[in-house]
Amino acid sequence: MTEEVPPKRPTAAQARRMRTAARLIAVQALFQMEAADAALEDVIGEFETYRLGREIDGLILTDPDFEHFRRLVAAAVEEQARIDQLTQRALVARWPIDRIDPTLRAVFRAAGAELVATDTPPRVTITEYLEVAKAFYPSGKEAKFVNGVLDHMAREAHRDAFK
């Protein structure tokens, strides 16, 4: 009889990296859902089965926190109208959400989901999604835009955290 060994719990640093990876792939999944008009369950299944733990462009990504990934993507879909309204109020009138880059829209939706559907502190959410934006836009100029929009969204979603 073999004794079953419980899985090792990740260290705090590993858990943070796993959540960061979950945020990055949540943005990718939301982008794919919009671009391919794909269903939530299909995209989650594809990411968990085929895309994660694989080598991409010579890099093997950190295993994500699958629970956090699922929570973010599901909340982004369930709360999309609310999140898009938060985003729209943060944009200038000449730039409706439909005119912004689809990758940025996915960043705002994933971050918005984290702001409205999790207990992650708003400042952590902003910092984390700034790093996600930099992964997609290495020049950094989009990061300033993302910072401004996310700051506005966070202040509206969590008024008491910014007093």
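The values are calculated or read from the model by the stated rules, or taken from the named source; none is laboratory data. On a predicted model such as this, the values are computed, not experimentally measured, just so you know. In this analysis, Cβ positions are derived from the backbone assuming ideal geometry, glycine residues included, and neighbour counts consider all displayed protein chains.
Before moving on, here are some points about what is shown:
This table checks each residue for (1) hydroxyl-bearing (Ser, Thr, Tyr); (2) exposed (fewer than 13 other Cβ atoms within 10 Å of the Cβ).
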position	(1), (2)
Arg105	no, no
Leu115	no, no
Thr120	yes, no
Gly140	no, yes
Ala161	no, yes
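- Of all residues assigned to region 83-95, none qualifies as being surrounded by fewer than 17 Cβ atoms within 10 Å (Cβ to Cβ), closer than 24 Å to Pro10 by Cα and not charged (D, E, K, R).
- Hey, Gly53 at pLDDT below 90, surrounded by 10 or more Cβ atoms within 10 Å (Cβ to Cβ), over 14 Å from the mean Cα position of the chain (by Cα) and at positive phi or not: yes
- Leading residue by the ranking (farthest from the chain's Cα centre (by Cα)) among those in region 114-163 that are over 19 Å from Asp65 (Cα atoms) and acidic (Asp, Glu): Asp160
- Considering only residues in region 120-149 that are of a type in the set (D, E, K, R) and touching a residue at least 60 places away in the same chain (Cβ under 8 Å), the one that is nearest to Leu104 (Cα to Cα) turns out to be Glu131.
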